[in-house]
There are 2 protein chains.
Amino acid sequence: MLAIGTLSRRTGTKVQTIRYYEEIGLMNEAGRTAGGQRRYFEKDLDRLAFIRHSRQLGFSLDSIRELLDLSDNPSQPCAEADSIARRQLRQVEQRIKRLQALKKELKRMVAECDGESVAECKVLEVLRDHSECLTEHDEIGA
Amino acid sequence: MLAIGTLSRRTGTKVQTIRYYEEIGLMNEAGRTAGGQRRYFEKDLDRLAFIRHSRQLGFSLDSIRELLDLSDNPSQPCAEADSIARRQLRQVEQRIKRLQALKKELKRMVAECDGESVAECKVLEVLRDHSECLTEHDEIGA
DNA sequence: CTTGAACCTCTATCTGCTGTAGCTTGTATC
DNA sequence: GATACAAGCTACAGCAGATAGAGGTTCAAG
């Protein structure tokens with residue numbers, strides 16, 4: 001039987017975060033000692049590791065919920081898991097694209113700044129006037 | 001005199017967001033009509049445009065606050081604006097790096113999936129076992 | 001003068017946690 | 001068995017950065 005702190009250490013997850021995952025139904029409700037402390041089995045550790053790893057790959061908690069449901073029913077075809085992963089891949093690719101546009105613009109901004117007074121600062125000038133931008137960047141980098 | 005809806009349309013900012021910016025002190029408190037509605041000058045529009053453009057380039061509201069302060073005092077040297085922009089550039093570059101590692105891993109995941117049953121789904125398998133990962137990805141893409 | 005779009009305030013919600021306060025439990029050591 | 005104290009517990013507040021809705025008021029065109 002594992003205490004919550006053990007799961008925490010072994011998965012690199014904050015104790016509060018584990019309790020939070022239970023609260024939102026991502027982790028099953030843990031068994032308790034007579035005194036009310038949570039106790040876990042190895043399978044709970046595996047589930048938590050799955051969640052953390054998915055988070056590291058950028059999946060939302062909702063996507064992870066779907067993936068866990070699939071994982072719990074091993075007889076279905078895995079097309080759905082595949083499509084969730086592809087969706088995530090597309091999102092990551094789009095974010096990269098947007099960030100690269102931002103990077104280009106920021107680079108140009110700082111390259112043109114010659115350290116003169118704020119009055120003629122290129123950085124501030126560009127921020128003031130979007131029309132000076134060379135690239136499109138209409139969405140906020142999320 | 002411009003109504004809040006006009007600022008909203010001309011900058012692509014939701015009305016609530018403009019009020020939110022006022023609430024947190026990014027926008028100055030607007031003047032009011034006798035009936036209590038906000039009214040703006042062109043300079044407020046410019047300030048809002050500056051904020052939105054900075055947000056599109058990924059600057060945090062705190063950074064924007066600093067940039068606005070600088071912009072309001074045009075006689076100082078612009079080294080500080082420059083360093084804020086450079087910091088932002090570094091952040092963007094790091095995010096791109098992390099996302100590219102994720103992309104690589106996700107690509108491999110979906111490439112190896114052959115549509116068989118969930119039981120042998122590569123996607124789920126990789127999520128279950130971090131040691132199958134080829135790339136490092138220890139931080140969550142933010 | 002009437003209509004109705006646009007405005008107002010206030011509060012709640014979202015994502016994904018993280019931190020704090022104040023108290024209780026479990027376990028190792030004496 | 002007593003004691004110390006790390007680790008657990010609940011409950012609630014807070015972060016960024018908005019966004020949405022309820023329920024009511026104002027402005028401007030016709």
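The values are calculated or read from the model by the stated rules, or taken from the named source; none is laboratory data. None of these values were measured; they are calculated from a predicted model. With ideal geometry, Cβ positions are generated from the backbone for all residues, glycine too; neighbour counts draw on all protein chains shown. When the accessible area is computed, the model is the full protein with side chains, heavy atoms only, and any ligands, DNA or RNA have been set aside. Shrake-Rupley method; radii C 1.70, N 1.55, O 1.52, S 1.80 Å.
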Fill in the blank from the handout: Among B:V123, B:S63, B:I96, the residue whose Cα sits farthest towards the positive end of the charge dipole of chain B, when +1 is placed on the Cβ of each Lys and Arg and -1 on the Cβ of each Asp and Glu, is B:S63
Fill in the blank from the handout: Once amide hydrogens are built 1.01 Å from N within the peptide plane, the residues lying 5 or more places from A:R39 or on another chain with amide H under 5 Å from its amide H are A:G31, A:R32, A:T33
Exercise for the section: Give me the percent of the accessible area of chain B that comes from carbon and sulfur atoms, probe 1.4 Å, all protein chains in place. Expected result: 46 percent
Exercise for the section: Would you kindly derive the ³J(HN,Hα) couplings of region B:63-78 from the backbone phi angles with the Karplus curve 6.51 cos²θ - 1.76 cosθ + 1.60 (θ = phi - 60°), listing them in order in whole Hz, with x for Gly and Pro? Expected result: 4, 4, 4, 4, 4, 5, 4, 4, 4, 7, 10, x, 8, 6, x, 9
Practice task
Go through A:K103/B:K14; A:K122/B:K107; A:K104/B:K122; A:K43/A:K97; A:K14/B:K122 and tell me which ones have a Cα-Cα distance over 31 Å in this structure.
Solution key: A:K122/B:K107; A:K104/B:K122; A:K43/A:K97
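Per the helix-only calculation at 222 nm, which mean residue ellipticity applies to chain B, given -39500 (n - 2.57) for every DSSP H run of n ≥ 4 and division by its residues, nearest 500 deg cm²/dmol?
Numbers: 6 runs with 85 residues, N = 142.
Helix contribution divided over all residues of chain B: -19500 deg cm²/dmol.
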Problem - Label 7 Å beyond Cα on the Cβ vector: B:G36 copy-to-copy distances, nm - result: 4.6
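Please tell me the relative contact order of chain A in percent, rounded to the nearest whole number, where contacts are Cα pairs under 8 Å and at least six residues apart.
So the answer I get is 15 percent.
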Practice task
Look at the axis of the rotation that sends chain A onto chain B, then give the chain A residue with the nearest Cβ and the distance in whole Å.
Solution key: A:I96, 3
Fill in the blank from the handout: Copies of B:K107 compared via label points 7 Å along Cα→Cβ give distances in nm, shortest first, of 1.9
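Write out the GluC sites (Glu not before Pro) in region A:1-59 meeting two conditions: DSSP loop, and at most 15 other Cβ atoms within 10 Å of their Cβ.
Details: sites: A:E22, A:E23, A:E29, A:E42; in loops: A:E29.
Loop-located and lightly packed - A:E29.
Run through region B:1-99 and list the chymotrypsin sites (Phe, Trp or Tyr not before Pro) located in a DSSP loop whose Cβ has at most 13 other Cβ atoms within 10 Å.
Working: sites: B:Y20, B:Y21, B:Y40, B:F41, B:F50, B:F59; in loops: B:F41, B:F59.
Taking region B:1-99 and a limit of 13 other Cβ atoms within 10 Å, the loop chymotrypsin sites (Phe, Trp or Tyr not before Pro) found are B:F41.
Using only protein heavy atoms and a 1.4 Å probe, how much accessible area in total is buried between A and B, to the nearest 100 Å²?
Numbers: alone 10040 and 10040 Å², together 15180 Å².
What A and B bury together is about 4900 Å².
Counting other Cβ atoms within 10 Å of each Cβ, which trypsin sites (Lys or Arg not before Pro) in region A:1-56 have at most 13 and sit in a DSSP loop?
Details: sites: A:R9, A:R10, A:K14, A:R19, A:R32, A:R38, A:R39, A:K43, A:R47, A:R52, A:R55; in loops: A:K14.
Filter output for region A:1-56: A:K14.
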Exercise for the section: Heads up, I need the accessible area for A:D72: 1.4 angstrom probe, whole protein in place, Å², nearest 10. Expected result: 90 Å²
Practice task
List the distances, in nm and shortest first, from the label point of B:M1 to the matching label points in every other copy, placing each point 7 Å from Cα along the Cα-to-Cβ direction.
Solution key: 7.1
